[in-house]
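Please treat every number below as a calculation from the coordinates, not as lab data. All values reported here derive from a predicted model rather than from experimental measurement. Neighbour counts run over all protein chains shown; Cβ positions are idealised from the backbone, glycine included.
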Amino acid sequence: MVFLVNEFKKIQEFVSKKHNLAVIRALLSSAQGIGFNAILKITQPITPRILSLRLKDLEEQKIIQKNLVLGTRPKIEYRLLPKGEKLKKTLIELEKWGKQEL
């Protein structure tokens, strides 16, 4: 497989942005939407401010969606969009590689 330089730079920038993969991994752990505090707990030691920035960035990239869930206590939940779901196989393979090689 041959990577074009510009495409690889985009991939590298996305993957190396601190906590992007941790946030996506947290969202993959939930079949439904997941709240901010639950993501924060899963992705520790990330700070609330950084998590907020990552979520906003991932939302702008159309990787996640922010939903308002109405009820007696309305809440915000986040879920992966199809673009984000496509990362599941890649993250599983990356975890396998890490367990074996690191």
Q.
Given an 8 Å cut-off on Cα distances and at least 6 residues of separation, report the relative contact order of the chain as a percent.
A. 24
Q: Positive end of the charge dipole of region 51-102 (Lys, Arg +1 and Asp, Glu -1 on Cβ, about the Cα centre): tell me which of Leu68, Leu58, Gln100 has its Cα farthest that way.
A: Leu68
Q: Would you list, by chain and number, the aspartates and glutamates whose Cα falls below 15 Å from the Cα of Lys41, excluding same-chain residues fewer than 8 positions away?
A: Glu77
Q.
Using the Cα centre of region 17-101 as the reference point, and only Cβ charges (+1 on K/R, -1 on D/E), how large is the resulting charge dipole? Debye, rounded to the nearest 20.
A. 100
Q | Cross-link reach list, lysines versus Lys9, counting only Cα pairs under 26 Å and skipping chain neighbours closer than eight places | A | Lys17, Lys18, Lys56, Lys62, Lys83, Lys86, Lys88, Lys89, Lys96, Lys99
Q: Select from the chain those trypsin sites (Lys or Arg not before Pro) which occupy a DSSP coil region and have at most 16 other Cβ atoms within 10 Å, ordered by residue number.
A: Lys17, Lys18, Lys62, Lys86
**Q.** Projected area averaged over orientations for the chain, convex hull of C-alpha atoms, nm²
**A.** 7.8
